[in-house]
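Notes follow the structure.
The values are calculated or read from the model by the stated rules, or taken from the named source; none is laboratory data. This structure is a prediction, so every number in the text was calculated from the model and none was measured. Every residue, glycine among them, receives a Cβ derived from its backbone with ideal geometry; neighbour counts consider all protein chains shown. Each accessible area value is taken on the protein alone, full model and side chains, heavy atoms only, with ligands, DNA and RNA left out. Shrake-Rupley method; radii C 1.70, N 1.55, O 1.52, S 1.80 Å.
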2 protein chains.
Amino acid sequence: MVLLTNPRAERVKSVAALVRRSVRSRRGRFVAEGPQAVREAVLHRPESVIDLYVDHEARALNPAVALIAADAEAAGCPVTSVAPPVMAAMADTPTPQGVLAVCSVPGGDPAERLADLLSARPRPRLLVILAAVRDPGNVGTIIRSADAAGADGVLISTDSVDPYHPKCVRATAGSVFHLPILTGLPMDHLVDRLHEGGLRLLAADGSAPRSLQEVDLVTPHAWVLGNEAWGLPESVREQCDDIVSVPIYGHAESLNVATAATLCLYGSATAQRGPHPGRR
Amino acid sequence: MVLLTNPRAERVKSVAALVRRSVRSRRGRFVAEGPQAVREAVLHRPESVIDLYVDHEARALNPAVALIAADAEAAGCPVTSVAPPVMAAMADTPTPQGVLAVCSVPGGDPAERLADLLSARPRPRLLVILAAVRDPGNVGTIIRSADAAGADGVLISTDSVDPYHPKCVRATAGSVFHLPILTGLPMDHLVDRLHEGGLRLLAADGSAPRSLQEVDLVTPHAWVLGNEAWGLPESVREQCDDIVSVPIYGHAESLNVATAATLCLYGSATAQRGPHPGRR
């Protein structure tokens, strides 16, 4: 079996370069690091795994890493053994935990992907739109919560952070491979298509007079979340069908955008599916 | 007015040194950075402000910064003007936004502070215990959500991250000054005193069969949250009165600990106070 041992090899540098947005964008590739993210890639979207790199020492010592590598080989993913210094040179985290995958960003025309999502059967009932959300940890956490709440997709406007940023991928804890993530479309386009698709748009805004418990969360809808510092611009809010706040019981001025999104999404999931999800 | 201009002065280094836990612990001081955190310190806990530093250029240009400095002076907090390079040298963030406060960590014997909190009138109805939560962003976000949910305090076990870590203070968005934060006590002590105080302990655990909607959230209780990677140890779970999961509707294995905590806290707030908080 081939073992990559030179951390300065071109192939290693090429993986490490994916930390930069411009490189990810040009090559349509991103990196998933660590057992949790890589396992979800292999199990849920093996066709997206371009290259899986496994630290040969970790594979020998860590049964979880060995299982992921074996599953990947069984699924036809190309698996390459590397020495620990190669893994360290490829990874964004100081402790990549022995396994890392180069994956393809879902391709195709963004407008067509959105049209496909909106015309899928059964029709989507719960979506999230992120408008200028800028912190990769927040975006990743929202993707994870949207997955947990059983949402049908996360739509990320062109002025938001790239969801394939390493910190964002890490914060999704594998959920980036579980549900459709759409990027590359401006807010106006998203708003128009969702309205045409019959979804109500609910702007989450801490200052809104109507609260989460007072709005219809059963009818298919999309939550619209804005920037961490300035929220949603007026131009977006006025295109929404309702503006909704999460109630504040204490002295906090507002909630973190990811926790607010989670409360909104779970309000919707409970309204649409009841308090008990069916067994998965 | 005195203007500090030398970023290498001892006083400046002394503030910058508070980035280290050992220094914070020895001196009983921490740093709050940026207008939001400093404003909340001045408004809610002016007695905790040891020194407030304001960038004299920001004070001239930014009305929000000027207002905070004026409020601080009116409240009797010592305010010192500094040049921008001094602010940069003191701060943990690359953009401290013109204002920074050195604050005192609430002092006194931790066991006595806990006894005081538990015997306060009205009696506490909703608390959070963090057991070995290690990420400062998560701890800060949980403090912010606990504040938003109107919780009566956050109890942080000795094996968790220091809530006065700069990243944690930042993530609280000022809530660190809004509700009691107790540190310095081990889990066993917290569990025993809360039980004696008549609070039920609810362990949040993704694998528990009983879900958030199935347990009594009206009776006074404390949520117990565990480590990001390994959750709650068996020794803690068996001391809890109930083990409760947040339902998962999609494919995610679990939620981020801060978002799970938020859903639990809001479940409690809604059960105890109804969907509409009274006006603050």
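Which lysines does A:Lys167 reach when only Cα atoms under 22 Å apart count, and residues fewer than 8 places away in its own chain are ignored?
Qualifying lysines at Cα under 22 Å: A:Lys13, B:Lys167.
Could you sort the residues of segment B:216-251 by number and keep only those whose accessible area is reduced by 10 Å² or more in the all-protein-chain setting relative to the chain alone, 1.4 Å probe?
B:Pro247, B:Ile248, B:Tyr249, B:Gly250, B:His251
Where q = 0.10, 0.12, 0.13 Å⁻¹, what log10 of I(q)/I(0) comes from the Debye formula for the protein assembly as shown, counting one point per Cα?
Scattering profile of the protein assembly as shown, log10 relative to I(0): -0.91, -1.27, -1.42.
Roughly how many percent of the accessible protein surface of segment B:110-273 is carbon and sulfur, given a 1.4 Å probe and a whole-percent answer?
Carbon-and-sulfur percentage of accessible area, whole number: 50.
For B:171-179, what's the mean count of beta carbons from other chains sitting within 10 Å of each residue's beta carbon?
Counting Cβ atoms of other protein chains within 10 Å of each residue's Cβ and averaging gives 3.
At B:Arg134, label 7 Å along Cα→Cβ: distances to the other copies, nm, ascending?
Ordered by distance, the counterparts are at 3.1 nm.
Relative contact order of chain A, please, whole-number percent, based on alpha carbon pairs below 8 angstrom and at least 6 residues apart.
18
Provide a whole-number value for the mean count of partner chain Cβ atoms within 10 Å of the Cβ atoms in peptide A:36-42.
Other-chain Cβ atoms within 10 Å of each residue's Cβ, averaged: 1.
Leaving out ligands and nucleic acids, and using a 1.4 Å probe, what accessible area per residue does chain B come to in Å²? Walk me through the intermediate numbers first.
Details: 11600 Å² over 280 residues.
Per-residue value: 41 Å².
With a 10 Å cut-off between alpha carbons and a GNM built on chain B, which of B:Gly150, B:Gly174, B:Gly76 moves the most?
It is B:Gly76.
Where q = 0.15, 0.21, 0.29 Å⁻¹, what log10 of I(q)/I(0) comes from the Debye formula for segment B:1-56, counting one point per Cα?
Summing over Cα pairs of segment B:1-56 leads to -0.50, -0.95, -1.24.
Could you rank the peptides B:2-13, A:159-170, B:19-30 by their average count of other C-beta atoms within 10 Å per residue, with the highest value first?
Ranked from most to least packed, the peptides come out as A:159-170, B:19-30, B:2-13.
Using 10 Å bins from zero, what percent of all Cα-Cα pairs in chain B falls into each bin?
Final binned percentages: 7, 28, 31, 20, 11, 3, 0.
Projected onto the charge dipole of segment B:3-104 (+1 at Lys/Arg Cβ, -1 at Asp/Glu Cβ, origin at the Cα centre), which of B:His44, B:Ala91, B:Val23 gives the Cα projection farthest towards the positive end?
B:Val23
Going by the alpha-carbon gyration tensor, a ≥ b ≥ c the square roots of its eigenvalues, is segment A:3-104 rounded (a/c under 1.5) or, if a/c is not under 1.5, prolate (a/b greater than b/c) versus oblate?
Oblate, because a/c is 1.5 or more while a/b does not exceed b/c.
In nm, give the distance between the simple-model label positions of B:Glu196 and A:Thr80, each being 7 Å from the Cα along the Cα-to-Cβ direction.
6.2
Please work out the C-alpha center-to-center distance from segment A:126-205 to segment B:203-280 and express it in whole Å.
Their Cα centres are 25 Å away from one another.
With all protein chains present, how much of the accessible area of segment B:3-104 (probe radius 1.4 Å) comes from carbon and sulfur, to the nearest whole percent?
54
Distances in nm, one decimal, shortest first, from B:Ala74 to the same residue in every other copy, taking the label point 7 angstrom along Cα→Cβ.
Reported distances to equivalent positions: 6.9 nm.
Chains B and A: what accessible area do they bury, summed, in square angstrom to the nearest 100, with a 1.4 Å probe?
Adding both sides of the contact gives about 3500 Å².
How crowded by other chains is A:128-137, given as the mean number of beta carbons from other chains within 10 Å of each beta carbon?
Averaged over the peptide's residues, the number is 1.
With a/c under 1.5 counting as rounded, go ahead and sort segment B:110-273 into rounded, prolate or oblate using the C-alpha gyration tensor (a ≥ b ≥ c being the square roots of the eigenvalues; past the cut-off, prolate if a/b is larger than b/c, else oblate).
Details: a/c = 1.33, a/b = 1.12, b/c = 1.19.
Verdict is rounded for segment B:110-273.
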